[in-house]
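Below is one structure, written out as structure tokens; the observations come after it.
Bear in mind these aren't lab numbers, they're just calculated from the coordinates by the rules spelled out. Computed from a predicted model, the values in this text were never measured in an experiment. Here the Cβ positions follow ideal geometry from the backbone for every residue, glycine too, while neighbour counts run over all protein chains shown.
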Amino acid sequence: MVKLNKKKSSWFRRLMGLISKTVAVALSGTIVVTLLLRWVPPPTSAFMLQQRLAGIAVDYQWVSMDRISPNAALAVIASEDQTFFDHWGVDFKALADAIEDNRTRKRPRGASTISQQVVKNLFLWPGRSYVRKGIEVYFTLLMEMLWPKQRILEVYLNIAEMGDGVFGVEAASQRFFHKPAARLNRREAATLAAVLPSPKRMFADRPSDYVVRRTWQIIQQMHALGGTGFLGQDGH
């Protein structure tokens with residue numbers, strides 16, 4: 001009996017040791033990948049891979065921040081996350097409110113900052129679960145520790161879907177306005193930001209009445225933030 005208990009104890013220790021090593025390797029891997037992407041343009045993203053696996057063509061053109069109009073950066077902040085420069089990636093109050101609301105609402109409510117959207121686009125699978133949300137929060141906090149805000153914004157502007165299969169502001173600007181992202185004016189940038197919540201149903205080149213209204217709301221918010229000078233908070 002004593003020998004049997006010793007064998008069980010030894011087996012359990014080996015199992016726990018293996019689990020601990022596996023977790024340590026996985027965590028180290030996430031740190032290495034996240035740190036690498038601070039400097040290396042992402043060759044693709046989880047969202048793009050999902051599109052390709054579904055047989056949908058992907059238009060993705062990476063450009064550096066100095067080749068993106070400040071109007072585009074300001075528009076997505078005005079539309080998606082006006083406290084972008086002030087938080088650590090996760091608005092925990094909004095997240096808690098969304099979780100509580102989602103318990104009683106049939107249509108889930110989002111609570112994602114720009115940083116969280118970068119993580120979801122880059123790394124995560126579709127769906128809503130507490131496990132997925134936990135991984136999202138982990139990657140978001142890790143990214144905020146390892147990347148400057150300007151890099152987070154640069155990656156977001158390059159990988160966000162802005163049309164059906166159109167990823168990033170350069171591809172969207174060329175597709176819908178026939179010009180490089182560096183030349184986007186305020187209205188064009190606001191229009192692209194307006195379609196971000198549903199880029200497969202809303203179109204920057206054929207804006208619905210809702211998109212037109214939302215565009216002008218975003219322009220008003222861009223003005224209220226102080227114009228492109230607002231981006232100077234992170235040295236852009």
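Table for the structure above
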| item | result |
| --- | --- |
| Computed E for Gln50/Tyr138 - FRET, C-beta separation, R0 25 angstrom, nearest 0.05 | 0.75 |
| Two-site label geometry, Gln82 and Gln217: point separation in nm, points 7 Å out along Cα→Cβ | 1.2 |
| Sites Ser198 and Val40 - FRET efficiency at Förster radius 35 Å, r taken between beta-carbons, to 0.05 | 0.70 |
| Val32-Asp205 pseudo-label distance in nm [points 7 Å out on the Cα-to-Cβ vector] | 4.3 |
